[in-house]
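Structure, as structure tokens:
All of the numbers you see were taken from the coordinates with simple rules; none came from a lab. The structure presented is a predicted model; accordingly, all values stated were derived computationally and were not measured. Here the Cβ is made from the backbone with ideal geometry for all residues, glycine too, and neighbour counts use every protein chain on show.
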Amino acid sequence: MPGSADLSVLERPVLEAAPLLLGAVLRHDGVAVRITEVEAYAGEADPASHAGRGMTPRSAVMFGPAGHLYVYLAYGANFCANVVTGPEGEASAVLLRAGEVIEGLELAQARRGTSVKRELARGPGRLCSALGIRLRDNRTDLRVGPVTLELGVPVDPALVSTGPRVGVSKAADVPWRFWLTGDPTVSAYRSGAKG
DNA sequence: GTAATGATGAACT
DNA sequence: GTTCATCATTACG
């Protein structure tokens, strides 16, 4: 049955689900992006996660079923999109950090104000900007839309690199960032360490 | 009610 | 390499 999105694979533990999102296609409002970089946020036990201090109105969606979208506003100006993973009750999610625009190129260029293709979705805020994802898209069921996710054939693990997460000041040592090795759309690393 | 804090991006030296 | 705009969310009174 084509078109009937099966996201049940995302119910597995977040560190297994995260690399499966590499190569997946996220669509919204005329633009499609192939995901090239993600980060795992592993539930209430992860101090860097928004769910790390228990359930709040904002983090509640992370406690829900897999395959939903979690959108938040970072630093007052940039939206970031996550895919909720794991079984219901486990507050894990995968941050979509970067991707390559594969459809709706002109629309994405207009939204981003640049024509440099590899910069269109290079970074979580830019990715949301290119796709037109906003706070109102929080909690979207990715099987239904308006934001949708299509999982393809899992990429070869040999093509995937791992490393520490970007911009986090806690649990900065765990290699829970996954990206396609050598892909030009992968964002730059920035340490979250304070001093 | 007030204040501190960022899972960033853009601009600048 | 560094600085800073900007506001939803959270913690606290």
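Structure values in brief
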quantity	calculated
Interchain or long-range residues, amide H under 5 Å from A:Gly104's placed H	A:Ala32
Summed residue charge, Cβ within 14 Å of A:Ala45's Cβ, Lys/Arg positive, Asp/Glu negative	-1
Range in chain A, longest, excluding exposed chymotrypsin sites (Phe, Trp or Tyr not before Pro) [loop by DSSP; at most 16 other beta-carbon atoms within 10 Å]	A:76-188
Charged-residue dipole, Cβ positions (Lys, Arg, Asp, Glu), chain A about Cα centre, Debye nearest 20	780
Cα-based convex hull, chain A, per residue volume (Å³, whole number)	118
Theoretical gain in end-to-end length, A:Glu11 to A:Arg136 [0.36 nm per residue, Cα-Cα removed]	42.6 nm
Residue among A:Arg53, A:Arg126, A:Arg27 with the largest mean-square fluctuation in a Gaussian network model of chain A, springs linking Cα atoms under 10 Å	A:Arg53
Assigned charges on the beta-carbon of Lys, Arg, Asp, Glu; segment A:81-132 dipole about Cα centre (debye)	340
Lys, Arg +1 and Asp, Glu -1 on Cβ, resulting dipole of segment A:1-109 about Cα centre, debye, nearest 20	200
Semi-axis lengths (Å, descending) of the ellipsoid that matches the C-alpha gyration tensor of segment A:78-168	22, 18, 14
Charge dipole of chain A about the Cα centre (unit charges at C-beta), most positive-ward option of A:Gly64, A:Pro175, A:Asn78	A:Asn78
Note, ³J(HN,Hα) from phi for segment A:57-67, Karplus 6.51, -1.76, 1.60, rounded to Hz, x at Gly and Pro	x, 6, 7, 4, 5, 5, 7, x, x, 5, x
Cα centroid separation - segment A:19-40 against segment A:110-151, whole Å	9
Among A:Gly167, A:Gly99, A:Gly23: highest mean-square fluctuation, GNM of chain A, C-alpha pairs under 10 Å	A:Gly167
Residues of segment A:50-92 with amide N under 11 Å of a point placed 7 Å along Cα→Cβ from A:Arg190	A:75, A:78
Additional length obtainable on full extension of the chain from A:Lys117 to A:Thr162, 0.36 nm per residue less Cα span	13.8 nm
